[in-house]
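Scroll down for the structure; my scribbles are underneath it.
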Amino acid sequence: MSAIKASFKRMANLCCNSIGEIAPALEIGAGTVEIGKTIHPYPTLGERIGIATVLAHVSGADLPPAHK
């Protein structure tokens, strides 16, 4: 994957996470102060799923040999 494509993918993930947090807050009438006071988990659910899929596909054969 090219660096530009990877950058766009990361930016899209960040936008989705932001929208996912802000939209429900705005729906219940929360303002910027209330949104700022909330706890924002890291990694987000989307990031956890991405990490889990990567880890699920990594096997011992995929790892570089250990240096002695």
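The values are calculated or read from the model by the stated rules, or taken from the named source; none is laboratory data. Bear in mind the structure is a predicted one, so any value in this text is a computation, not a measurement. Here the Cβ is made from the backbone with ideal geometry for all residues, glycine too, and neighbour counts use every protein chain on show.
Points worth noting:
- A search for C-beta distances below 6 Å between a residue of the stretch 31-50 that is under 22 Å from A12 (Cα atoms) and any residue that is part of a helix (DSSP H, G or I) and at pLDDT 75 or above, counting only pairs 6+ apart in sequence or on different chains, returns I35/A25.
- Looking across the stretch 1-22 at every residue that is closer than 21 Å to I49 by Cα and among the aliphatic types (A, V, I, L, M), the one that is nearest to the chain's Cα centre (by Cα) is identified as L14.
- Scanning the stretch 24-43 for residues that are over 17 Å from the mean Cα position of the chain (by Cα) and either of a type in the set (A, V, I, L, M) or assigned to a helix (DSSP H, G or I) (or both) yields a total of 12.
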